[in-house]
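The values are calculated or read from the model by the stated rules, or taken from the named source; none is laboratory data. Keep in mind that this is a model prediction, so the values were computed, not measured. Cβ sites come from the backbone with ideal geometry, for glycine too, and all protein chains shown count toward neighbours. Heads up: the accessible areas ignore ligands, DNA and RNA and are worked out on the full protein's heavy atoms, side chains in. Shrake-Rupley method; radii C 1.70, N 1.55, O 1.52, S 1.80 Å.
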Amino acid sequence: MTDTLSGSTGMPLQHVNAAGATLPAPAPKPTSRDNQLEAVAEVWSHQDAGAGIWECGPGEFTADRSGDTEVCYIITGSGTVTGEDGVSADIAPGSFLVLPKGWRGTWLIRETIRKTFVSIG
């Protein structure tokens, strides 16, 4: 899944074809309101940060970013992300989304979404 190249700092560079990567078997999404399944492949982690690929089927779930900021890029699928403050964003392939530390809200997925993400604690 990844190509690893040594960097000068001793930490390897990670490279993944996120659109074509094979993900682990989907599992029930704990915060789903509709029995959705999700799959997550961790690509990299270090201290309080991590990066990976995530995919989830249609339905609605709650999300809580109380402890971290999430930056994500939508590869496939569509939906709407709505914060508790009522601010929403329609997302589709090419969308770049930042959910800042402290953000809480819901994701409504219309078509299965695959995204890359970076989580920073």
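Scanning region 12-31 for residues that are part of a loop (DSSP other than H, G, I, E, B), surrounded by 11 or more Cβ atoms within 10 Å (Cβ to Cβ) and of a type in the set (A, V, I, L, M, F, W, C) turns up 16, 18, 19, 21, 23. Once region 37-61 is narrowed to residues that are open to solvent by less than 70 Å² (accessible area, probe 1.4 Å) and acidic (Asp, Glu), the residue that is farthest from residue 17 (Cα to Cα) is 60.
Across region 79-121, the number of residues qualifying as over 24 Å from residue 44 (Cβ atoms) and of a type in the set (Lys, Arg) comes to 2.
Restricting attention to region 35-62, the residues that are more than 20 Å from residue 92 (Cβ to Cβ) and either more than 15 Å from the chain's Cα centre (by Cα) or not in a strand (DSSP E or B) (or both) total 4.
Between 64, 34, the distinction of being over 16 Å from residue 117 (Cβ atoms) and either at pLDDT below 95 or open to solvent by 30 Å² or more (accessible area, probe 1.4 Å) (or both) belongs to 34 only.
If the condition is being under 15 Å from the mean Cα position of the chain (by Cα) and open to solvent by less than 40 Å² (accessible area, probe 1.4 Å), then region 72-88 contributes 72, 74, 75, 77, 78, 79, 80, 81. Taking the criterion of being free of Cβ contacts under 8 Å to residues at least 12 places away in the same chain and aliphatic (A, V, I, L, M), the only residue of region 12-43 that qualifies is 13. Of the residues making up region 103-121, those that are of a type in the set (D, E, K, R) and surrounded by fewer than 17 Cβ atoms within 10 Å (Cβ to Cβ) number 3.
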